[in-house]
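Asks: Take a look at this one; I'll ask things after.
The values are calculated or read from the model by the stated rules, or taken from the named source; none is laboratory data. The model shown is predicted, which means the values in this text are computed figures rather than measured ones. When we count neighbours, we look across all protein chains shown, and the Cβ atoms used for this are built from the backbone with ideal geometry, even at glycine. Accessible surface areas use protein heavy atoms only, side chains included; no ligands, DNA or RNA. Shrake-Rupley method; radii C 1.70, N 1.55, O 1.52, S 1.80 Å.
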Amino acid sequence: MSDEPQIPVSPDDETEIPESHPRYESLLTRHRIEHGVDIGITSRQGLIAQGRGEAYDYLLGEQTIESADDAARAAAAHFLLADQPVVSVNGNVAALVPGEVVELADATGADIEVNLFNRTRERMEAIADHLREHGAEDVKGLAADGEIPGLDHARAKVDADGIGSADVVLVPLEDGDRAQALSAMGKTEVVIDLNPLSRSAQAASVPIVDNIIRAVPNITRHARELRDADEAELRAVVDSFDAETALEAAERAIRRGE
Ligand code: PTJ
C-alpha cells in the first residue's frame with residue numbers, strides 16, 4: 001500500500017490529510033477545489049485553473065515571497081483607505097477560502113460580491129449560501145443591476161451598489177479582461193494570481209503573486225496590524241509599493257528560483 005494519504009471526501013475530513021505530509025497544503029487545496037465542484041460552486045474549468053496555479057506555486061517553493069508579502073501589506077492599506085472596498089468571489093475563491101474572505105471583509109469593512117465567468121443563477125445562489133454558511137452577512141452579486149463597460153461576457157454583470165460603485169476591488173484568480181476594464185473605470189485593483197505574466201496581474205495596481213490560500217489571510221493579518229495607523233501612514237505603505245518591481249521579483253523567483 002502506498003504511503004500517500006487517502007484524500008478525504010468532504011472538508012469535514014480535512015484532518016485526514018496529515019499536516020506532516022510534505023505536500024499538505026497542495027493536497028488540501030486540491031481537495032477543497034474537488035469538493036467545490038462536487039457541491040456545484042466551482043466550475044469544471046476551475047479544476048484546470050487550479051492546476052495552472054499549482055505549477056507556478058511549485059516553482060515559487062509553495063511559500064509567500066517577500067514581494068508578495070509587501071503587496072499584501074499594500075493591499076491591506078488600500079482597503080483601509082477605501083470608501084467602499086469590495087472582494088470579488090468566483091467559484092474557485094469560494095471553494096478555497098470562504099471563511100478567510102469573510103474574515104478579510106470583517107477586518108476591513110469590505111463588501112463581498114459574487115461575480116462569475118460561467119454565470120448561472122444556481123451557482124450564484126450556491127456560492128452566496130456557501131459564503132453565508134461561513135459567516136458572511138450580506139453577499140452581493142445577485143441584483144446584477146450594474147455593468148462594467150467594455151466586457152461582452154457575464155463578468156460584466158455587477159451590483160450597482162457593490163463592484164459598480166466600489167473604489168477598491170480585490171479580484172482573485174481570473175483572466176485579465178475584467179481586470180483591465182475595472183482599471184479603465186478608475187478603480188484601484190488588487191489582484192491575486194500566481195502567474196505574474198497574466199493580464200490581470202499586469203493590469204493590477206497591486207498584484208499579489210501568491211497562492212490565494214496564503215494571500216487572503218496575509219492581507220487580513222496586515223489589515224489588523226495597520227488598524228490603528230493614521231491616513232499618512234497608510235498612504236506611505238501604498239506609495240512605497242511598486243507593482244512593476246513586485247512582478248519582476250516574482251518572475252525572477254519563478255524562472256530562476258531567486
Ligand atoms: O467561477 P468562474 O465561473 O468565475 O470561473 C473561474 C475560473 C478560475 C475558472 C476562471 O476565472 C478562469 O478560467 O480563470 P483562468 O483564466 O484559468 O485564470 C486563473 C488564474 O488564477 C491563472 O493565472 C492561475 O495561474 C491563477 N490561479 C489558479 N489557482 C490559483 C491561482 N492564483 C492564486 N492562487 C491559486 N490557488
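Asks: Positive end of the charge dipole of region 5-135 (Lys, Arg +1 and Asp, Glu -1 on Cβ, about the Cα centre): tell me which of Gln45, Phe79, Thr108 has its Cα farthest that way.
Replies: Gln45
Asks: Report, for the chain, the % of DSSP beta bridges that are antiparallel, rounded to 5.
Replies: So the antiparallel bridges in the chain amount to around 10 percent.
Asks: Dipole size in debye (nearest 20) for the chain around its Cα centre, Lys and Arg Cβ +1, Asp and Glu Cβ -1?
Replies: Computed charge dipole of the chain: roughly 700 debye.
Asks: Using a probe of 1.4 angstrom, how much of the accessible area of the chain is carbon and sulfur, in percent?
Replies: 45
Asks: Still on this structure, I have one more. Of the options Leu142, His130, Ala184, report the single residue whose Cα projects farthest towards the positive end of the charge dipole of region 110-258 (beta-carbon charges: Lys, Arg +1; Asp, Glu -1).
Replies: Result: His130, furthest along the dipole toward the positive end.
Asks: Arrange the peptides 98-105, 226-233, 42-49 so that the one whose residues have, on average, the most other Cβ atoms within 10 Å appears first.
Replies: In descending order of packing, they fall as 98-105, 42-49, 226-233.
Asks: Could you give the accessible area per residue of the chain, probe 1.4 Å, as a whole number in Å²?
Replies: Each residue of the chain exposes 47 Å² on average to a 1.4 Å probe.
Asks: Okay, moving on. Between Tyr24 and Asp242, 0.36 nm times their residue separation minus their Cα-Cα distance comes to what?
Replies: 75.2 nm
Asks: Enumerate the amide H contacts of Leu170 below 5 Å, restricted to partners 5 or more residues apart or on another chain; note that Pro and chain-start residues carry no placed amide H.
Replies: Val86, Val87, Ser88, Val190
Asks: Size of the chain along its principal axes in angstrom, Cα-based, largest extent first?
Replies: The Cα atoms of the chain stretch 58, 44, 35 Å along the principal axes, largest first.
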